[in-house]
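K.L.:
Could you have a look at this structure, given as structure tokens, before my questions?
The values are calculated or read from the model by the stated rules, or taken from the named source; none is laboratory data. Note that the coordinates shown come from a computational prediction; the quantities given were computed from them, not determined experimentally. Backbone-built Cβ (ideal geometry, glycine too); neighbour counts: all protein chains shown. The area values use the complete protein model at the heavy-atom level, side chains included, leaving out ligands, DNA and RNA. Shrake-Rupley method; radii C 1.70, N 1.55, O 1.52, S 1.80 Å.
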Amino acid sequence: MALEISMEGIEARARELGVDLSAVDLDYITLPAGEDFGIPSDDEDLLRDDDPMELEMGFANVVVVDNLPVVPPEKFEKLENVIRKIYSQIGAIKEGGLWMPVNPETKKTYGYCFIEYNTPQEAELAREKTNGYKLDKSHIFAVNMFDDFDKYMKVPDEWMPAEIKPYTPGENLQKWLADEKARDQFVIRAGTLTEVYWNDARQKMPELVFQKQYWTDSFIQWSPLGTYLATVHRQGSQVWGGDDKFDRLMRFAHPQVKLIDFSPGEKYLVTYSSQEPSNPRDTHRVVLNIFDVRTGKVMRDFKGSADEFTTSGNISVSGVSWPIFRWGGGKDDKYFARLGKNVISVYETDTFSLLDKKSLKVENVVDFCWSPTDPIIALFVPELGGGNQPARVSLVQIPGKEELRQKNLFSVSDCKMYWQNSGEYLAVQVDRYTKTKKSTYTGFELFRIKERDIPIEVLELDNKNDKIIAFAWEPKGHRFAIIHGDGPKPDISFYSMRTSNNISRVSKLTTLKSKQANALFWSPGGRFIVFAGLKGFNGQLEFYNVDELETMATGEHFMATDIMWDPTGRYLASAVTSVHEMENGFQIWSFSGKQLYKVSKDHFYQFMWRPRPPSLLTAEKEEEISKNLRKYSKKYEQEDQDAFNMLSEQERKRRKQLQEEWEGWVAKWKRLHEEERPYRMELRDGEASDDEEEYDTKEVEVEEIVDVHEEEVPFELDQ
């Protein structure tokens, strides 16, 4: 047990011993092993995480590399540099962690070496990635874990049947979907805490499910179907799952990881890191790993300079746009692709190699995107040869790489592509130069993907010179909305891909004039939309019913930075994150625009609804439920009434408690008043004036000398 000694005690003891502490060099004092006298060192790294990615002892972090060249002493350094260059790309090799044994008779190496990493995860990754590595024609690496040798040496001579362990069921990762109150979950990150809540709109407050301090080093992210919650750390990433426990399910070793991305079907996790160059003239070095989420195995890795992975993504990090890989083929996670110079490289997940062993060559291609539901790529190629070769948008079918449709575009300055989430429509926003080349105007090319020959319609706004501020498709629908205009209050127009008699032709539904909005947020179920004025518009919100073409409500969340619908479309969250120093927190609204509750949080970084997987109900069953909604809604109406009654009962109890507190306070002062009655009578010469009902009031003037002050004043007779 450590004995804690104060500085005053040390000084007193020094005086007793006659020691001058000012003459003592404290840097040369050595404490007994394991003793710190209760004072932690200033330069110790205190582990804040209560469950860090521990570094295991033993030989689990050592690999044995066999089939190396047998070399004489003069070639030791060269071979060691080659080995170190190969294996340091996977992880940091410990100081003195590379050892090649030497034959004492021949003075040559034995043809194998030992490599020690910091973590077993890095060693396992080195074995997976370099076993079978071809150094040259005569030397193909055979890599094993050091611990495996001990395991192989202990193989018994006689076969013994394997021990069958009883099955232990794990936690149901989908249990949260069966919540009796049909609530949704969300996660927030504020300060050092990460917390998961139920959105309990009936109680008008969130219900805490799980919280953990220092759960992540940078950010958190749900998987697309809501099964996993991913955290990011210096050593790599981790995924967690469950209803209320959130157990760790898997670790993915990737030192200095900066970004992660799930495949749409949650089968794979992509991790990204970049290394700052020591020379400013050099480029960033990029490492990408694709992991199998369930097993944690690295399925494929990519290494190179940032220039090799430049694409038109959403988030620019160290010169690289994210996500680098874009997933296609729907929820099956069958294909992923990335943009290269004059090529689109499409990979299949069966082998994690290039489709047909070659990339799709497209001269000067600058952008592409997948259909959300089908293996179809939409790509954009700008004009070439000074306008002699027009720009074009093409649709390419995978895996056959057949071109389904192409549209040539002229005088193009910019192009953006928007898929409708059911994959039925593709909108191409085209900014074109005027004849003078001094300005641009915007139009839309609308592709009907599911119809024969994929017909294309051209849409121009009433004022084609209007600036396009935002565009958004209605989920699972046929309508879209556009914010357009140049003034501080732009217009919002709604269009439909169908006419009233269901003819396939685009038509305008309405235009709303002068709205304080710069962003559009459709409900996941369609029909309802929120116009939001973010940033300079100070958080103005308007809840709009597109079926009825009417505003349901307006609201304001001052300085709002983020707007997010819950996955069912019943509730909407608005948040002010730490980009603003004040008003941090979030508000929950109903779909119709009623504010339900507000939560303030200092240093508020993230709010994310937990996604839901697609419904297992067939379209026919959903239609049957819609037709008989009254029958199904009775149960929930009763629950709503019970919740209302509970709130009313809580309010009644609260008021009763306030009344009782007031009555107790009044009784207390009446008691004190009665106890002081004799004292009051004494002050009034025995008169019980408390009981007098009639009395006369007289005003009496009393003169009283307060002070007498004498002062000599000089007086001159001449005056």
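K.L.:
Mind putting a number on the dipole of the chain about its Cα centre? Charges go on the C-beta only, +1 for Lys and Arg and -1 for Asp and Glu, and I need it in Debye to the nearest 20.
P.N.:
Values: 92 positive and 123 negative charges, 1581 e Å.
The dipole magnitude comes to about 7600 debye.
K.L.:
Leaving ligands and nucleic acids out of the surface, order SER592, SER263 by accessible area at 1.4 Å, largest first.
P.N.:
Numbers: SER592 45, SER263 0 Å².
If we order SER592, SER263 from most to least accessible, we get SER592, SER263.
K.L.:
Same structure again: May I ask for log10 I(q)/I(0) of the chain at q = 0.08, 0.09, 0.12 Å⁻¹, from a Debye sum over the Cα atoms as equal point scatterers with solvent left out?
P.N.:
One equal scatterer on each Cα of the chain leads to -0.88, -1.04, -1.52.
K.L.:
Only helices at least 27 Å long along their own axis, judged from Cα atoms, and with Kyte-Doolittle mean hydropathy of 1.6 or greater: name those in the chain from DSSP H. It would help to have the intermediate numbers written out before the result.
P.N.:
Values: long enough: 629-675 (68 Å, -1.96).
Helices passing the filter in the chain: none found.
K.L.:
Along the charge dipole of the chain, which of GLY132, ILE482, VAL708 sits closest to the positive end, that is, farthest toward it, with unit charges on the beta carbon of Lys, Arg, Asp and Glu (+1, +1, -1, -1)?
P.N.:
In the chain, that residue is GLY132.
K.L.:
Kindly give the semi-axes, whole Å and largest first, of the ellipsoid equivalent to the range 530-630, taking each as the square root of 5 times a Cα gyration tensor eigenvalue. Working shown, then result.
P.N.:
Values: eigenvalues 181, 60, 21 Å².
So the three semi-axes of the range 530-630 are 30, 17, 10 Å.
K.L.:
Tell me the Kirkwood hydrodynamic radius of the range 62-154 in angstroms, computed as one over the mean inverse distance between distinct C-alpha pairs.
P.N.:
Numbers: mean 1/r = 0.0738 Å⁻¹.
Value: 13.6 Å, from the Cα pair sum.
K.L.:
Another question, if that's okay. Take the solvent-accessible surface of the protein heavy atoms, probe 1.4 Å, and return the percent of it on the range 62-154 that carbon and sulfur atoms account for. Let's see the in-between values first.
P.N.:
On the way: 2850 of 5580 Å².
For the range 62-154, the apolar C and S fraction of the accessible surface comes to 51 percent.
K.L.:
From Cα pairs below 8 angstrom and at least 6 apart in sequence, can you work out the relative contact order of the range 62-154, rounded to a whole percent? All intermediate terms of the calculation are to be shown ahead of the outcome.
P.N.:
Numbers: 135 pairs, mean separation 37.4, N = 93.
The normalised contact order for the range 62-154 reaches 40 percent.
K.L.:
Sticking with this one: Would you mind checking the pairs LYS341/LYS407; LYS508/LYS594; LYS204/LYS634; LYS341/LYS416 and listing those with alpha carbons more than 25 angstrom apart?
P.N.:
On the way: LYS341/LYS407 22 Å; LYS508/LYS594 29 Å; LYS204/LYS634 22 Å; LYS341/LYS416 19 Å.
Long pairs (Cα-Cα over 25 Å): LYS508/LYS594.
K.L.:
Picking from ALA92, ASN118, VAL82, whose Cα lies most toward the positive end of the charge dipole for the range 62-154 (charges on Cβ: Lys, Arg +1; Asp, Glu -1)?
P.N.:
VAL82
K.L.:
If amide H atoms are built 1.01 Å from N in the plane of the peptide, which residues on other chains or at least 5 residues away come under 5 Å of the amide H of TYR571?
P.N.:
Under 5 Å from the amide H of TYR571 lie the amide H atoms of ASP566, each far enough along the sequence or on another chain.
K.L.:
Under a straight-distance cross-link criterion of Cα-Cα below 21 Å, which lysines are reachable from LYS267, leaving out those fewer than 8 residues away in the same chain?
P.N.:
In chain and number order, the partners are LYS129, LYS175, LYS258, LYS297, LYS331, LYS334.
K.L.:
Per-residue counts of other Cβ atoms within 10 Å, averaged by peptide: what ranking do you get for 74-87, 146-159, highest first? Intermediate results must be reported in sequence, preceding the final value.
P.N.:
Details: 74-87: 14.0, 146-159: 9.1.
Most protected by this proxy first, the peptides run 74-87, 146-159.
K.L.:
How much accessible area per residue does the chain have, counting only protein heavy atoms and a probe of 1.4 Å, in square angstrom? Don't skip to the answer; put the middle values down first.
P.N.:
On the way: 44470 Å² over 719 residues.
Computed with neighbouring chains in place, this is 62 Å² per residue.
K.L.:
Relative contact order (percent) for the chain, with alpha-carbon contacts under 8 angstrom and 6 or more residues of separation? All intermediate terms of the calculation are to be shown ahead of the outcome.
P.N.:
Details: 1295 pairs, mean separation 41.9, N = 719.
Contact order relative to length: 6 percent.
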